[in-house]
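What follows is a single structure, written as C-alpha cells, with notes after it.
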Amino acid sequence: MILKAIKDWREQRAVERHAIPDALWQLTLLRYPFLAQRSEDDLAELRRLCSLFLSTKEFHGVDGFEVTDEVAVAVAAQACLPVLRLGLTWYDGFVGIVMHEGEVVAARETMDEDGVVHAYDETLAGEAMEGGPLMLSWTDVHAAGESADWAYNVVIHEFAHVIDMGDGEPDGVPPLPSAEQRRRWRALIDAEYDVFCRWTDEGRDTVLDPYGATEIGEFFAVAVEAFFVASRDMREEHPDLYALLAVYFQQDPAA
Ligand SMILES: [Zn+2]
C-alpha cells in the first residue's frame, strides 16, 4: 500500500514536471488524426503517459538535429498509443532515443550459404535494438499523419519491436503469461504470415506493408502499425490477427 502510494506520488510529480502545454498537445492531435479520433478518456490517459514517457526517456539529436518539445511529444504520443492500457513498464528496457533529421544509411554485412560475406547499405527510418537505444528519422515521424493512409508509422513499428523483444528475440510473439497462449499466438501469426507472404509473392496490393514479408518479427511490427493507424482496413484484411491484437492491447481502434 505504502509502496503504491509512493509510486503514485512520484508519477504525479513526473506528470506535473513534464506537463504538455495545451497548444502543443492540440498541435500534436491535429497532426496525427489517428490519435485525435480517440475518446476523451483515451486522450487524457495518453497525455498523462506522454509526460511519464518524457520523464524517463532521454532524447539525443544527431548531426545538429535539435530535439524540440514538438519533436519529443510527437514521438511520445505515438509511442504511448500501443501501451495505453498496458502501461509504460513495457518500455523499461531502454532509455535513449536517437533522433536523426532524415533516414539513415547503415552499412550491413550478410553471409551467404557458401560462407561468402556480402556488404550492402540499408536505408533506415528507424531501428530498435535489444537494450536500446531506439533510432528514429524525424522526417518519417513528422509525416505519420499522411503516411497513415498506407498504414505506415515508424514510431509504432519500432515500439512494436520493443514490445516483441520483451521476452527475447523479436519473433512475432510478444510476452504472454502462459505457454498455451504463446502456442496459440504462434500458430495464428505463423498462418497469417504464410498467407501474407503468398500475397506479396503474387504482387497483390495489401494493407500491411509488404516489408512485413521479410521475416516474422517484421510482420508483427507492420501488423501493429496498421492496427493502430489504419485500423478498419487492417481489420478487414486480417480479422483474426486484428482480434488477437485487440485482446492483447486491450484496445479496439476500429470500433
Ligand atoms: Zn522493423
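Reported count of residues in segment 14-34, each being touching a helix residue (DSSP H, G or I) at 6+ places or on another chain (Cβ under 6 Å) and of a type in the set (S, T, N, Q), is 1.
Selection within segment 44-60: residues that are touching a helix residue (DSSP H, G or I) at 6+ places or on another chain (Cβ under 8 Å) and under 20 Å from residue 142 (Cβ atoms). The member of this set that is surrounded by the fewest Cβ atoms within 10 Å (Cβ to Cβ) is 59.
As a summary of the residue check, residue 74 satisfies the conditions (1) in contact with a His (Cβ under 8 Å, 6 or more places away or on another chain); (2) over 12 Å from residue 136 (Cα atoms) except for the one numbered (2).
Identify all residues within segment 1-31 that are among the charged types (D, E, K, R) and surrounded by 10 or more Cβ atoms within 10 Å (Cβ to Cβ); write none if there are none.
7, 8, 10, 11, 13, 16, 17, 31
Within segment 203-234, being in a loop (DSSP other than H, G, I, E, B) and touching a residue at least 24 places away in the same chain (Cβ under 8 Å) holds for 206, 207, 208, 209, 230. Among the residues of segment 1-37, those that are assigned to a helix (DSSP H, G or I), within 25 Å of the chain's Cα centre (by Cα) and among the β-branched types (Val, Ile, Thr) comprise 15, 28. Residues that are within 8 Å of the ligand (Cβ to nearest atom) and open to solvent by less than 30 Å² (accessible area, probe 1.4 Å) within segment 206-221 comprise 217, 218, 221, listed in sequence order. Each residue in segment 235-255 was checked for being in a helix (DSSP H, G or I), free of Cβ contacts under 8 Å to residues at least 40 places away in the same chain and farther than 21 Å from residue 147 by Cβ, and 4 of them qualify.
The values are calculated or read from the model by the stated rules, or taken from the named source; none is laboratory data. Keep in mind that what you see is a predicted model, and the values were worked out from it rather than measured. We place every Cβ from the backbone using ideal geometry, glycine too, and count neighbours over all the protein chains shown. Accessible surface is based on the protein model in full, side chains and every heavy atom, while ligands, DNA and RNA are left aside. Shrake-Rupley method; radii C 1.70, N 1.55, O 1.52, S 1.80 Å.
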